[in-house]
Amino acid sequence: MQRQAASMKRNLFHQDYLDEQFNELEELQDDDNPNFVEEVVNLFFTDSVRLIHNVDLALANEPCDFGRLDDLMHQFKGSSSSIGAKRVKRECSQFQEYCNERNIDGCKRAFQGVKQEYATLKTKLDAYFQVAREDS
């Protein structure tokens, strides 16, 4: 089982889902708080639901408030960065570029990428943590 969790983690890095920040979080985990990383990641996922909803609402508003969209995506990008969510962070940056260009269609396309990478990462990390818990 332990090898399976290690292999899953290696794949998450190899496929660019995670970056070094995830390892740094794991270094903070200890016997007093053995689920620290999973708890931090779950907080990210919980907060992301709110952010995704708010971006959806902001994209539906006419005229589009690009400043608000950029602020929301800045929050999402920061949260993603804090757990090492490399692909999500990259998609957030793309969204912000479209915001700076005031390109609503580009924002909408990029947001689909953000949501897709977020959903894929959530599925992969949920599976990783389930296997890691079984190791304990």
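Identify which of the listed values of Rg/Rh (Cα atoms, Kirkwood Rh) was calculated from the structure shown: (1) 1.04; (2) 0.96; (3) 1.00.
Correct label, based on the coordinates given: (1).
Taking the Cα-to-Cβ direction at ASP65 and at VAL40 and moving 7 Å from each Cα, how far apart do the two end points lie in nm?
Here the answer is 3.2 nm between the modelled labels.
Give me the percent of Cα-Cα pairs in the range 69-136 that sit more than 14 Å apart, rounded to a whole number. List each step's numbers first, then the result.
On the way: 1347 of 2278 pairs.
Summing the P(r) of the range 69-136 above 14 Å gives 59 percent of all pairs.
Rounded to a whole number, what % of the accessible area of the chain do carbon and sulfur atoms account for, probe 1.4 Å?
The computed percentage sits at 45.
Provide the FRET efficiency to the nearest 0.05 for the ALA119-PHE13 pair, computing r from the beta carbons and using R0 = 25 Å.
0.85
What value, in deg cm²/dmol to 500, does the helix sum -39500 (n - 2.57) over DSSP H runs of n ≥ 4 give at 222 nm once divided by the residues of the chain? Could the numbers behind the result be given before it?
Working: 6 runs with 112 residues, N = 136.
One gets -28000 deg cm²/dmol as the mean residue ellipticity at 222 nm.
What does the accessible area per residue of the range 89-136 come to in Å², with a 1.4 Å probe and no ligands, DNA or RNA counted?
I get 56 Å² per residue for the range 89-136.
Once R0 is set to 35 Å, what does the formula 1/(1 + (r/R0)^6) return for the Cβ-Cβ distance between GLN130 and HIS74, expressed as a FRET efficiency to the nearest 0.05?
0.65
Is there a quick way to get the dipole size of the range 24-71? I mean about its Cα centre, with the Cβ of Lys and Arg at +1 and of Asp and Glu at -1; what is the value in debye to the nearest 20? Could you put the intermediate results ahead of the total?
Values: 2 positive and 14 negative charges, 98 e Å.
Roughly 460 debye for the range 24-71.
Compute, for the chain, the length of the dipole vector about the Cα centre, with Cβ point charges of +1 (Lys, Arg) and -1 (Asp, Glu) only. Units Debye, rounded to 20.
Details: 17 positive and 25 negative charges, 124 e Å.
Here the chain has a charge dipole of around 600 debye.
Multiply the residue separation of ASN103 and ARG3 by 0.36 nm, subtract the distance between their alpha-carbon atoms, and state the gained length in nm to one decimal.
31.4 nm
Using a Gaussian network model on the chain with a 10 Å cutoff between Cα atoms, which of ALA85, ALA60, ALA110 fluctuates the most?
Looking only at ALA85, ALA60, ALA110, the biggest GNM fluctuation is shown by ALA60.
Quick one: what are the phi-derived ³J(HN,Hα) couplings along the range 85-100, Karplus 6.51/-1.76/1.60 with θ = phi - 60°, whole Hz, x for glycine and proline?
3J(HN,Hα) across the range 85-100, in whole Hz: 7, 4, 5, 4, 4, 4, 5, 4, 4, 4, 4, 5, 4, 5, 4, 4.
The values are calculated or read from the model by the stated rules, or taken from the named source; none is laboratory data. The shown structure was predicted, so the numbers you read here are calculated from the model rather than taken from an experiment. Heads up, the Cβs are rebuilt from the backbone with ideal geometry, glycines too, and the neighbour counts pull from every protein chain shown. Only protein heavy atoms, including side chains, enter the accessible area calculation; ligands, DNA and RNA are left aside. Shrake-Rupley method; radii C 1.70, N 1.55, O 1.52, S 1.80 Å.
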